[in-house]
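The values are calculated or read from the model by the stated rules, or taken from the named source; none is laboratory data. Owing to the predicted nature of the structure, the values given are computational and were not obtained by experimental measurement. As a convention, Cβ positions derive from the backbone with ideal geometry for all residues, glycine included, and neighbour counts pool all protein chains shown.
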Amino acid sequence: MRRIRVKIQDLFVEGSTKKLYLTDETEKIVIEFTDVLPPSVSSKKVVVKGKGKINLDISTYIFEYLGSYNVPTHFISRLDNRKMFAKKLGIIPFQMKVWNVATGSLVKRIGLKEGTLLETPVLELYLKNPRLKNPLINDYHAYTLGLCERSEMNAIIRIGTKVNAVLKSLFSRKRLTLAYFTLEFGRYGNQVILGDEISADTMSIWDTPEPGKFDKKVFQLAPENAKPVYTKIRDRLLK
């Protein structure tokens with residue numbers, strides 16, 4: 001594989017677990033994965049050595065796998081143990097959450113029994129607005145707020161549905177159940193494509209030793225067990 005040479009310039013976005021840098025190519029960026037645990041795992045800043053590399057390992061593997069199924073993503077290539085080269089997107093400011101299993105907040109909201117496998121995946125949209133506590137919205141809210149066009153929403157739903165089908169099948173072959181995960185999208189030129197990351201920070205995986213039997217605790221992240229669990233998720237997916 002030809003090694004890509006990238007000149008990193010200024011830091012322009014710093015999130016809770018990643019840093020985004022401008023490059024000498026105006027339409028491309030470098031994304032650095034840090035060792036900080038996400039807020040969903042720890043409300044305090046906790047650093048786990050090697051966590052950034054593990055999540056980059058997972059994201060690289062999944063983006064390349066999705067690319068083999070012609071899913072449009074921002075991923076270009078991996079640069080080193082912490083960084084990937086990606087297309088610079090105009091981010092669409094909502095997150096898609098895809099549920100394959102009734103668990104957590106979904107159970108509380110719609111009353112299904114914990115652990116119920118969903119015959120049809122549930123796709124939800126959450127506005128990225130911490131001030132409003134990132135509320136659940138629907139497509140009409142998105143249009144009213146001017147977040148996207150109807151044609152873009154159709155593309156987002158189509159991509160999200162395809163990503164779910166591809167990943168569910170992949171995980172199943174590895175005796176894993178993809179309970180739920182989150183996706184983010186953006187514009188690149190006149191196209192809507194998949195952005196951000198797909199890693200242990202953005203999904204809930206349940207161990208499935210045999211069909212119909214689940215163990216959601218095996219890969220449950222917590223500050224005290226983070227390193228071995230991140231490693232276990234990576235090793236199980238990439239083997």
Exercise. Give me a count of the residues in the stretch 220-239 that are without any contact (Cβ under 8 Å) to a residue 40 or more places away in the chain and under 15 Å from Pro38 (Cβ atoms).
Key: 3
Quiz item: Within the group Glu152, Glu197, which residue is in contact (Cβ under 8 Å) with a residue 40 or more places away in the chain, surrounded by 21 or more Cβ atoms within 10 Å (Cβ to Cβ) and not assigned by TED's automatic domain parsing to the domain that holds Val48?
Solution: Glu197
Exercise. Would you tally the residues in the stretch 94-112 being part of a loop (DSSP other than H, G, I, E, B), among the small types (Gly, Ala, Ser) and out of contact with any Asp or Glu (no Cβ under 8 Å at 6 or more places or on another chain)?
Key: 1
Quiz item: Among the residues of the stretch 67-103, which ones are within 22 Å of Leu123 (Cα to Cα) and in contact with a Ser or Thr (Cβ under 6 Å, 6 or more places away or on another chain)?
Solution: Gln95, Lys97, Ala102
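Condition check ((1) hydrophobic (A, V, I, L, M, F, W, C); (2) surrounded by fewer than 16 Cβ atoms within 10 Å (Cβ to Cβ); (3) touching a Ser or Thr at 6+ places or on another chain (Cβ under 7 Å)) across all residues:
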position	(1), (2), (3)
Ser169	no, yes, no
Arg175	no, yes, yes
Leu178	yes, no, no
Gly186	no, no, no
Exercise. Could you list, in sequence order, all residues of the stretch 64-93 that are aromatic (Phe, Trp, Tyr), surrounded by fewer than 22 Cβ atoms within 10 Å (Cβ to Cβ) and either assigned to a strand (DSSP E or B) or under 13 Å from the mean Cα position of the chain (by Cα) (or both)?
Key: Phe85
Practice problem: Output yes when any residue across the stretch 165-185 is in contact (Cβ under 8 Å) with a residue 60 or more places away in the chain, under 30 Å from Glu25 (Cα atoms), aromatic (Phe, Trp, Tyr) and outside the structural domain of Lys53 (by TED's automatic domain parsing), and no when none is. | Solution: yes
Self-check item: Among residues of the stretch 35-63, those that are over 15 Å from the mean Cα position of the chain (by Cα) and among the polar types (S, T, N, Q), counted
Solution: 2
Exercise. Could you please find all residues in the stretch 45-63 being charged (D, E, K, R), touching a residue at least 60 places away in the same chain (Cβ under 8 Å) and surrounded by fewer than 21 Cβ atoms within 10 Å (Cβ to Cβ)?
Key: Lys49
Self-check item: The lone exception for Val107 - which of (1) surrounded by 15 or more Cβ atoms within 10 Å (Cβ to Cβ); (2) in contact with a strand residue (DSSP E or B) (Cβ under 8 Å, 6 or more places away or on another chain); (3) not charged (D, E, K, R) it fails
Solution: (2)
Exercise. Residues that are within 14 Å of the chain's Cα centre (by Cα) and hydroxyl-bearing (Ser, Thr, Tyr): find the strands (runs of 3 or more DSSP E) completely inside the stretch 154-239 holding 1 or more of those.
Key: 176-188, 203-210
